[in-house]
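> One structure, pasted below without further comment.
The values are calculated or read from the model by the stated rules, or taken from the named source; none is laboratory data. For clarity, every value in this text was computed on a predicted model and none was experimentally measured. Counting neighbours? That spans all protein chains shown, and the Cβs are built from the backbone with ideal geometry, glycine included. We work out accessible area using only protein heavy atoms, side chains counted, and drop any ligands, DNA or RNA first. Shrake-Rupley method; radii C 1.70, N 1.55, O 1.52, S 1.80 Å.
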Amino acid sequence: MPRVSAKANKNIYFRRREELGLTREKASEVLETIPAERIEKIENERSEPHPEEVLIMANKYKAPELCNYYCSNQCPIGQQYVHEVKMQDLSQIILKMVASLNSAQDSQRRLIEITADGVIEEDEIEDFVHIQDELEKISITVQTLQLWAEQMLAKGAIDIDKYNSYRNKEK
């Protein structure tokens, strides 16, 4: 078993490698195209990972959350447009989804009133922003559910072939 680092502030890539019980050398073998020296630079934040490196780590480490982390925290575009998703239990995700959908359903009539004329009047802005916030909560919850599913697929908890056959039917 590899020695675990005593470093206090380990980044997400460092933590995931250690959770798998891999040394940097073994991780380099698993990752195939990322040398141990590069892994060390990424883990010690002396170098930002490239998007393709994050994709490889997410795939080989079976950790799709690495992609969301990269996009929401390290990619300049993603920092503006992608919310960081925190992994949760399925029951928590579903409860948040139901609460968000109920709230959005309550706001539906008001959103129609506000937008029907194609103009958002000064006295409608507050309600409009509130409704946008509610819709954003739904979006984040959907992303959380998607990430949960990707993690379950990566771990083999969901049959990937069956999942993909149903996904392909929907398209």
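> Do any residues in region 82-107 that are more than 18 Å from Val129 (Cβ to Cβ) and without any contact (Cβ under 8 Å) to a residue 40 or more places away in the chain have Cβ atoms under 9 Å from those of residues that are open to solvent by 70 Å² or more (accessible area, probe 1.4 Å) and of a type in the set (Val, Ile, Thr), where the two are at least six apart or on different chains, and which pairs are they?
Once the first residue is more than 18 Å from Val129 (Cβ to Cβ) and without any contact (Cβ under 8 Å) to a residue 40 or more places away in the chain and sits in region 82-107, no partner that is open to solvent by 70 Å² or more (accessible area, probe 1.4 Å) and of a type in the set (Val, Ile, Thr) comes close enough.
> Then there is this: Only one residue in Glu40, Glu32, Glu121, Glu52 is at positive phi and modelled with pLDDT of 95 or more, so which one is that?
Working: Glu40 fails: at positive phi; Glu121 fails: at positive phi; Glu52 fails: at positive phi.
Step by step, each of Glu40, Glu32, Glu121, Glu52 is checked, and only Glu32 is at positive phi and modelled with pLDDT of 95 or more.
> Do you know which of the residues in region 77-90 that are hydrophobic (A, V, I, L, M, F, W, C) and over 19 Å from Gly156 (Cβ atoms) is most open to solvent (accessible area, probe 1.4 Å)?
Kept after step one, since they are hydrophobic (A, V, I, L, M, F, W, C), are these residues of region 77-90: 77, 82, 85, 87, 90.
Adding the requirement that they be over 19 Å from Gly156 (Cβ atoms) leaves 77, 82, 85.
Details: Ile77: 119, Val82: 53, Val85: 13 Å².
My answer is Ile77.
> Additional query: Failed condition for Gln74, given (1) modelled with pLDDT of 95 or more; (2) over 30 Å from Lys41 (Cα atoms); (3) surrounded by 11 or more Cβ atoms within 10 Å (Cβ to Cβ), with all others met?
Just one mismatch for Gln74, condition (2).
> I'd like the full set of residues that are touching a helix residue (DSSP H, G or I) at 6+ places or on another chain (Cβ under 7 Å) and of a type in the set (Val, Ile, Thr), limited to region 104-126.
Narrowing region 104-126 to residues touching a helix residue (DSSP H, G or I) at 6+ places or on another chain (Cβ under 7 Å): 104, 107, 110-111, 114, 120, 124.
Selection gives Ile114, Ile120.
> Could I ask something else about it? Look through Glu18, Glu25 and report the one residue that is more than 25 Å from Glu150 (Cβ to Cβ) and surrounded by fewer than 19 Cβ atoms within 10 Å (Cβ to Cβ). Step through it out loud before you land on a result.
Numbers: Glu18 fails: more than 25 Å from Glu150 (Cβ to Cβ).
On inspection, the qualifying residue turns out to be Glu25.
> Let me ask you something else. Being closer than 20 Å to Glu65 by Cβ and assigned to a helix (DSSP H, G or I) narrows it down to one of Gln88, Gln108, Gln132, Gln146, so name that one.
Details: Gln88 fails: assigned to a helix (DSSP H, G or I); Gln108 fails: closer than 20 Å to Glu65 by Cβ; Gln132 fails: closer than 20 Å to Glu65 by Cβ.
The unique qualifying residue is Gln146.
> Next question, about the same structure. From Glu136, Glu150, which residue is under 18 Å from the mean Cα position of the chain (by Cα), under 30 Å from Glu43 (Cβ atoms) and of a type in the set (D, E, K, R)?
Values: Glu136 fails: under 30 Å from Glu43 (Cβ atoms).
So the residue among Glu136, Glu150 that is under 18 Å from the mean Cα position of the chain (by Cα), under 30 Å from Glu43 (Cβ atoms) and of a type in the set (D, E, K, R) is Glu150.
> If we scan region 149-156, do we find a residue that is within 30 Å of Leu22 (Cβ to Cβ), out of contact with any helix residue (DSSP H, G or I) (no Cβ under 7 Å at 6 or more places or on another chain), of a type outside the set (Ser, Thr, Tyr) and in a loop (DSSP other than H, G, I, E, B)?
Within region 149-156, one or more residues are within 30 Å of Leu22 (Cβ to Cβ), out of contact with any helix residue (DSSP H, G or I) (no Cβ under 7 Å at 6 or more places or on another chain), of a type outside the set (Ser, Thr, Tyr) and in a loop (DSSP other than H, G, I, E, B).
> Does Tyr13 count as free of Cβ contacts under 8 Å to residues at least 40 places away in the same chain, part of a helix (DSSP H, G or I) and either at positive phi or surrounded by 14 or more Cβ atoms within 10 Å (Cβ to Cβ) (or both)? Show your work before the answer.
On the way: free of Cβ contacts under 8 Å to residues at least 40 places away in the same chain: no; part of a helix (DSSP H, G or I): yes; either at positive phi or surrounded by 14 or more Cβ atoms within 10 Å (Cβ to Cβ) (or both): yes.
Criteria not met by Tyr13.
> Is it the case that region 38-51 has a residue that's under 21 Å from Met152 (Cβ atoms) and either in contact with an Asp or Glu (Cβ under 6 Å, 6 or more places away or on another chain) or open to solvent by less than 70 Å² (accessible area, probe 1.4 Å) (or both)? Lay out the reasoning, then the answer.
Step one: of region 38-51, the residues under 21 Å from Met152 (Cβ atoms) are none.
No: region 38-51 contains no residue that is under 21 Å from Met152 (Cβ atoms) and either in contact with an Asp or Glu (Cβ under 6 Å, 6 or more places away or on another chain) or open to solvent by less than 70 Å² (accessible area, probe 1.4 Å) (or both).
> Please verify whether region 105-120 includes one or more residues that are of a type outside the set (A, V, I, L, M, F, W, C) and in contact with a Lys or Arg (Cβ under 8 Å, 6 or more places away or on another chain). Even if it seems obvious, please write down each step before you answer.
Of all residues in region 105-120, those of a type outside the set (A, V, I, L, M, F, W, C) come to 105-110, 113, 115, 117-118.
Now drop any that are not in contact with a Lys or Arg (Cβ under 8 Å, 6 or more places away or on another chain), which leaves none.
No, region 105-120 has no match at all.
> Being open to solvent by less than 70 Å² (accessible area, probe 1.4 Å) and touching a helix residue (DSSP H, G or I) at 6+ places or on another chain (Cβ under 6 Å) is the filter; apply it to region 91-103 and report the residue that is farthest from Glu150 (Cα to Cα). Lay out the reasoning, then the answer.
To start, the set of residues in region 91-103 that are open to solvent by less than 70 Å² (accessible area, probe 1.4 Å) comprises 93, 97, 99-100, 103.
Next, only the ones that are touching a helix residue (DSSP H, G or I) at 6+ places or on another chain (Cβ under 6 Å) stay: 93, 97, 100, 103.
Details: Ile93: 14, Met97: 18, Ser100: 22, Ser103: 27 Å.
Ranking the candidates gives Ser103 first.
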